[in-house]
Structures are given as structure tokens and as C-alpha cells.
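> Here it is: the structure, laid out below.
None of the figures in this text is laboratory data; all of them are computed from the coordinates on show. Worth saying up front: this structure is predicted, and the values here are computed from it rather than measured. Virtual Cβ from ideal backbone geometry, glycine too; neighbours counted across all protein chains shown.
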Amino acid sequence: MAEQADLIYLDYAASTPVDPWVAEAMTALMTADGNYANPSSTHVAGRQSVEHIAHAAGQLGTLLNTDPLRLIWTSGATESDNLAILGGAHYRQKRGRHLITMRTEHKAVTDAFTELERQGYSVTWLNPEPSGLLDIAKLEEALRDDTQLVSIMHINNETGVVQDIAQIGAVCRERDILFHVDAAQSVGKLAIDLSALPVDLMSMTAHKVYGPKGIGALYIADRAGVHVDPLLFGGGQQRKLRPGTLPAQQIVGFGTAAAIAQSRMARDLKHLNAMRERLWSGIQDIPGISTNGAIECAFPGILNVSIEDIEGESLLLALEPLCVATGSACNSKSQEPSYVLRALGSSDVLAQSAIRFSFGRPTSASDIDIAIECYRSSVASLRNLAPGGVE
Amino acid sequence: MSAGPYSARVRELFANPAHAGQLADAVGVLVEDQGVRIAFSAQLAAGRIDTLRFQAWGCPHVIAAAEAFCANYEGRITAELLDFSTSDLMQSLSVPVEKTGRILVIEDAVRSLAQELVRPSPKEH
């Protein structure tokens with residue numbers, strides 16, 4: 001097996017390395033010579049810890065153009081999704097118990113809705129168009145008088161397809177329906193202006209944007225009727241919405257990562273576009289290859305391709321030392337075909353051949369060239385190996 | 001570093017399938033089941049399996065198992081194919097039990113090959 005140094009990491013949609021500046025800022029709050037105090041403590045060190053957290057909230061608030069007081073810290077996007085969906089549905093249940101989402105959402109969203117179905121809520125599961133986009137007309141058709149919550153992700157974690165959250169949000173806002181956006185893949189990567197967007201709840205995480213794992217946030221809009229019931233109970237922190245000792249070093253890591261992301265977003269996007277273009281140009285002529293989700297609708301940090309006549313598990317092993325994903329990282333140990341790609345109309349066999357390449361700041365042209373060579377040779381070898389293959 | 005779901009032996013056989021291919025002027029079989037396609041072709045010499053080749057469409061365990069079978073049975077007498085069982089292969093390659101069905105396709109293909117090899121050729125009638 002390849003050693004760490006030989007690996008070509010192209011799985012930045014699963015996680016990113018912590019930026020050195022982020023690590024430095026975090027370390028200062030962890031060791032004995034730094035401020036490691038509990039921010040709930042009332043002594044000087046505790047109050048300083050609160051100031052660090054407030055500064056980080058300001059950095060994230062600036063990135064999203066929102067009041068930092070609208071941000072609730074969580075352990076990550078999964079918890080944020082659960083708090084938004086379960087908490088939002090519970091808070092509004094007296095008004096109605098109908099909810100809407102898409103079949104292509106992350107498991108953190110779909111499983112939360114499945115739990116609400118178990119609790120007696122009615123959920124409409126919308127299918128995407130072949131491009132991966134949501135047809136707004138189908139959303140409008142699905143709305144009912146008792147619809148209380150719509151949850152649509154911003155950037156799809158498997159295909160990279162970017163939904164028009166401004167348009168979807170406008171439809172919801174007209175009817176006073178809570179609109180939740182899972183923005184785990186987009187915060188810090190695409191410009192998001194929460195002062196202008198009709199979004200009520202937005203989930204985010206640090207580790208997709210060069211911050212640490214274990215910290216996320218939920219944005220809750222300052223609008224009448226927008227609120228969530230808590231899922232956890234305890235010390236009363238964060239206005240009792242998400243109690244528990246605040247991990248100051250994680251929060252500062254997220255804040256620093258947000259500030260860095262904001263300062264270099266245009267540069268990052270240009271780089272990701274170049275990397276995706278280089279990779280797609282290098283493999284698009286292979287017979288039977290296709291993208292999952294329309295490339296023109298997708299975030300440039302992700303390229304998801306399927307290929308005919310190839311067994312996906314063997315392709316993944318043949319591609320080593322490339323670190324790529326077959327499905328989302330959260331369920332990639334499963335050999336089941338991706339439910340996201342099946343919802344896009346892909347056959348089981350084609351969905352199993354899918355490879356998600358995702359790029360990041362450290363990705364180089366040389367990495368992409370190795371990936372192209374590796375993908376082409378792996379496909380050729382496996383096709384030669386198959387009965388009826390070309391010798 | 002973790003080997004993940006594949007043993008070192010599976011990785012080695014998957015990366016170097018020395019017996020991959022299809023023989024001309026040989027006895028051949030193709031079996032398809034469980035989302036797996038396996039083809040074996042064999043040439044005999046003096047009552048023994050002189051050359052064995054395989055083709056496979058399946059997961060790494062299937063490819064490794066097919067390669068291991070070919071490597072093990074070249075040079076043996078045809079009758080030994082009838083005693084072939086996947087259990088030894090699964091153990092030596094550390095194949096997870098949930099893949100038993102796929103590996104059994106190899107057993108089906110070996111049995112088919114054995115039947116083809118022992119069947120009298122038309123000119124002997």
C-alpha cells in the first residue's frame with residue numbers, strides 16, 4: 001500500500017487539512033501557556049475566553065454578512081442539520097406537520113426527516129431533474145397549507161450541483177415556511193450573504209474549509225416565527241438552544257478559517273476551476289464516461305464521473321494511491337450504489353462506478369496529471385480484464 | 001497504515017493478475033451471477049492443466065480469487081478441479097463473509113470448466 005507521502009489526496013469535499021494559521025490560533029487556547037479557561041467561568045481568564053469566542057463569531061458573521069448573535073455553535077453540520085430540522089419541525093408543529101426535502105440531500109438531512117416521519121410528520125421527497133437541480137415548479141406543487149419546513153442543500157456533496165437557494169427561499173418566504181439550507185459544502189467557498197438571502201436556517205461546518213473537525217454552526221434568522229426547539233439540555237449555554245461547554249479552541253479555529261476563506265475566496269474558486277477543467281479535459285474522451293450532475297451547474301471543487309463497463313469497487317482499489325470517494329464519505333464504506341446518483345436516474349451499475357474527485361487549495365496540476373494517468377490506465381486495465389474485454 | 005477491506009494477498013493478486021487473459025484453442029467457460037462475470041480458459045497437455053487464464057468483472061476479491069485459483073491449478077490433473085472449494089480460497093485471502101455469494105460464482109465457473117474438460121470431444125465418438 002502507498003505510504004502517506006505517495007498519496008494524491010483528491011477528497012477535499014470529505015475533509016480539508018487544517019490551515020497552519022488555524023492550527024496556531026487553536027493551539028494558543030489549548031496549552032498551559034495559553035488561555036484554556038472555560039468560557040462559562042466568571043473569572044478573568046473565562047471572560048477572555050468569551051472574548052475569543054465573540055471574535056470568532058464575528059469572523060464567521062462577517063463571512064456570511066450576518067449578526068454573529070444569529071450563530072449557534074454545534075459539533076458540526078450533522079448536529080446543525082438535526083437541530084434545524086428536528087428542532088424547527090417541533091417548534092412549528094402546532095401550525096402543521098408537513099415537510100419537504102429532496103432525495104439527494106446528505107444523510108444528516110434525510111435521516112432527520114425519516115425520524116420525523118417516524119414521529120408522525122408527513123414528508124414530501126422531491127426528485128431532482130437529470131441535471132441535479134430542483135425544479136422550482138415541482139416544489140411549488142408540493143407545498144401545502146400545513147407545510148412548515150423546506151430543507152434543500154446548497155452544494156450537493158456528491159455531485160457538486162449548486163441549488164438556487166435564493167429562488168427556493170423566496171418561494172418559502174412568500175408562504176412563511178421555514179427554509180433550511182445545508183451549506184456544509186458551500187460556506188467559505190461560495191459568497192453567501194445572509195442579510196439578503198431568504199434563508200431561515202443554515203448548517204455549516206469548519207472542517208470542509210480548512211478548519212478543525214468537531215465544530216460547526218447553525219444560523220437562525222432573526223425573523224418572527226423562526227426558531228428551533230433544543231435537542232440537548234444542560235448548562236443553559238447559547239440561550240439554551242445548544243447547551244454544553246463551548247470549545248473555545250475549536251470555535252476560534254472555525255473563525256480563523258472563515259476569515260482566511262473570505263480573504264482568498266476568489267483565488268480559491270479560480271484555482272478549483274482550473275483543476276476541474278484540467279481533469280475533465282484529460283478524461284472526457286474515454287468511451288462511456290459521463291458526469292453525474294450537469295457540470296455547468298456544479299461547484300468547481302467537485303467532479304463526479306461514472307463510466308460504463310467498470311466495477312466500481314475494483315476501480316477504487318485500482319486508483320490507489322489516489323484518495324477519492326465513491327459516494328459521500330459518510331457512507332462510502334457501504335457497497336450499495338449511491339442513493340443520490342440513483343435519484344439522478346443512474347443505473348445501479350453506473351452509480352457503483354462513480355468516482356468523486358474533489359479539489360482543494362493544495363491540489364496541484366501535477367496531482368491532476370497523475371490522477372488522469374491513473375484513471376485512464378485503471379479503466380483500461382479493468383476493461384481488458386473483463387470477459388469480452390479488449391486484449 | 002490500515003490495509004482497509006483487503007488483505008495484503010488480495011492487493012498483491014489484484015495488482016498483478018499474471019493469469020489474466022483468454023487462451024486461443026482452449027476449453028472455455030463463462031459464468032455470470034451475483035453481479036459477477038467470470039471466464040476461465042484452459043489448455044491441457046498430457047492429462048494435466050498446462051495453462052489456465054481468467055477474465056473477470058467483479059470486485060477486487062473476485063479478481064484476486066480468480067488469479068489465485070489459476071496460479072494454484074496450473075500443472076494439476078483435470079480431476080482435481082472437481083474437488084475445488086472456495087472455502088480455502090476465502091480463508092487464505094481473508095474474504096469477508098458477506099462476499100461469499102460472489103466467490104461462489106468462481107466455484108460454479110470451476111465446476112463448469114471441469115465438466116467441459118472431462119467431456120469427450122466429438123471426434124472420440
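> Could the peptides B:51-57, A:268-274, A:63-69 be put in order, highest first, of the mean number of other beta-carbon atoms found within 10 Å of their residues? Please report the intermediate quantities before stating the final value.
On the way: B:51-57: 23.4, A:268-274: 17.1, A:63-69: 18.7.
So the peptides B:51-57, A:268-274, A:63-69, ranked by packing, come out B:51-57, A:63-69, A:268-274.
> Using only Cα positions of the range A:1-144, each an equal point scatterer, no hydration layer, compute I(q)/I(0) via Debye at q = 0.22 Å⁻¹ and quote the log10 values to two decimals.
Ignoring solvent entirely, the Cα scatterers give -1.34.
> Return A:Tyr210, A:Tyr36, A:Tyr9 ranked ascending by Cβ neighbour count within 10 Å, so the fewest neighbours appear first. Walk me through the numbers before you get to the answer.
Numbers: A:Tyr210 27, A:Tyr36 14, A:Tyr9 20.
Ascending Cβ contact count within 10 Å gives the list A:Tyr36, A:Tyr9, A:Tyr210.
> Would you mind checking which residues have amide H under 5 Å from A:Thr124's amide H? H placed 1.01 Å from N; only 5 or more apart, or other chain.
A:Leu99, A:Ile100, A:Thr101
> Specify, per residue and in Å³, the volume enclosed by the convex hull of the alpha carbon atoms belonging to chain A. Please report the intermediate quantities before stating the final value.
Values: hull volume 56.1 nm³, N = 391.
Per-residue hull volume (Cα only) is 144 Å³.
> Starting with the fewest neighbours, write out A:Cys172, B:Cys59 ranked by other beta-carbon atoms found within 10 Å of each beta-carbon. Please list the in-between numbers first.
On the way: A:Cys172 23, B:Cys59 27.
Listing A:Cys172, B:Cys59 from fewest to most nearby Cβ atoms yields A:Cys172, B:Cys59.
> Continuing with this model, one more query. Can you run phi through the Karplus equation (6.51, -1.76, 1.60; θ = phi - 60°) for the range A:264-273 and list ³J(HN,Hα) in whole Hz, with x for Gly and Pro?
Along the range A:264-273, the couplings run 10, 4, 5, 5, 4, 4, 4, 5, 5, 4 Hz.
> If you don't mind, another one. Can you give the relative contact order of chain A as a percent, counting alpha carbon pairs under 8 Å and 6+ residues apart?
Working: 775 pairs, mean separation 90.8, N = 391.
It rounds to 23 percent for chain A.
> Under 5 Å between amide H atoms, partner at least 5 residues away or on a different chain: which partners does B:Thr51 have, H built in plane at 1.01 Å?
Those lying under 5 Å, H to H, from B:Thr51 are B:Gln43.
> Just to check, using Stokes-Einstein with a Kirkwood Rh over alpha carbon pairs, what's the diffusion coefficient of chain B at 10 °C and 1.306 mPa s in µm²/s? Don't skip to the answer; put the middle values down first.
Details: Rh = 14.7 Å.
For the chosen part, D equals 108 µm²/s.
> Rounded to the nearest 10 degrees, what's the angle between the helix A:165-174 long axis and the longest principal axis of chain A, both from Cα atoms, 0 to 90?
With both axes taken from Cα atoms, the answer is about 50 degrees.
> Just to check I understand the Karplus step: with θ = phi - 60° and J = 6.51 cos²θ - 1.76 cosθ + 1.60, what whole-Hz values come out for the range A:291-305, glycine and proline as x?
8, 9, x, 5, 4, 6, 9, 10, 5, x, x, 10, 10, 10, 10
> Report, for chain A, the % of DSSP beta bridges that are antiparallel, rounded to 5.
Numbers: 19 of 38 bridges.
Antiparallel bridges make up about 50 percent of those DSSP assigns within chain A.
> So if I place +1 on the C-beta of Lys and Arg and -1 on the C-beta of Asp and Glu, and nothing else carries charge, what would the dipole magnitude of the range B:36-125 be about its Cα centre? I want it in debye, nearest 20.
Numbers: 9 positive and 11 negative charges, 44 e Å.
Result for the range B:36-125 is approximately 220 debye, rounded to the nearest 20.
> Treat every Asp and Glu Cβ in chain A as -1 and every Lys and Arg Cβ as +1, leave all other atoms uncharged, and give the resulting dipole magnitude about the Cα centre to the nearest 20 debye.
Numbers: 31 positive and 44 negative charges, 263 e Å.
Using Cβ point charges on Lys, Arg, Asp and Glu, chain A gives about 1260 debye.
> Still on this model: Provide the per-residue ³J(HN,Hα) series for the range A:85-98, in order, calculated from phi with Karplus coefficients 6.51, -1.76, 1.60 and θ = phi - 60°, each as a whole number of Hz, with x at glycine and proline positions.
After applying 6.51 cos²θ - 1.76 cosθ + 1.60, I find 7, 5, x, x, 5, 5, 4, 9, 5, 6, 7, x, 10, 10 Hz.
> Round to the nearest 10 and give me the degree value, 0 to 90, for the angle of helix A:107-118's Cα axis relative to the longest principal axis of chain A.
Its long axis makes an angle of about 70 degrees.
> Mind checking which of A:Thr147, A:Ala89, A:Ile192 is farthest towards the positive end of the range A:20-260's charge dipole, using Cβ charges of +1 (Lys, Arg) and -1 (Asp, Glu) about the Cα centre?
Farthest along the dipole direction, towards plus: A:Ala89.
> Please sort by residue number the GluC sites (Glu not before Pro) in the range A:38-134 whose DSSP state is loop and whose Cβ has at most 14 other Cβ atoms within 10 Å. Don't skip to the answer; put the middle values down first.
Details: sites: A:Glu51, A:Glu79, A:Glu105, A:Glu115, A:Glu117; in loops: A:Glu105.
Sites meeting the loop and neighbour criteria: none at all.
> Charges only on Cβ, +1 for Lys and Arg, -1 for Asp and Glu: so what's the dipole of the range A:24-134 about the Cα centre, in debye to the nearest 20? Walk me through the intermediate numbers first.
Details: 9 positive and 11 negative charges, 120 e Å.
Dipole of the range A:24-134, to the nearest 20 debye: 580 debye.
> Moving to a separate point now. To make sure I understand, if each residue's beta carbon is the centre and we count other beta carbons within 10 Å, what order do A:Val109, A:Val44, A:Val340 fall in, fewest to most? Walk me through the numbers before you get to the answer.
Working: A:Val109 25, A:Val44 10, A:Val340 30.
Sorted ascending by nearby Cβ count, the order is A:Val44, A:Val109, A:Val340.
> Return one number: the angle in degrees, 0 to 90 and rounded to the nearest 10, between the long axis of the Cα atoms of helix B:60-73 and the longest principal axis of the Cα atoms of chain B.
Here the helix axis deviates by roughly 40 degrees.
> Among the listed pairs A:Lys94/A:Lys138; A:Lys138/A:Lys240; A:Lys240/A:Lys270, which are separated by more than 32 Å between their Cα atoms?
Details: A:Lys94/A:Lys138 26 Å; A:Lys138/A:Lys240 37 Å; A:Lys240/A:Lys270 41 Å.
Check vs 32 Å cut-off fails for A:Lys138/A:Lys240; A:Lys240/A:Lys270.
> Please give me the summed charge of the neighbours of A:Arg175: other residues whose Cβ is under 15 Å from its Cβ, Lys and Arg +1, Asp and Glu -1.
-2
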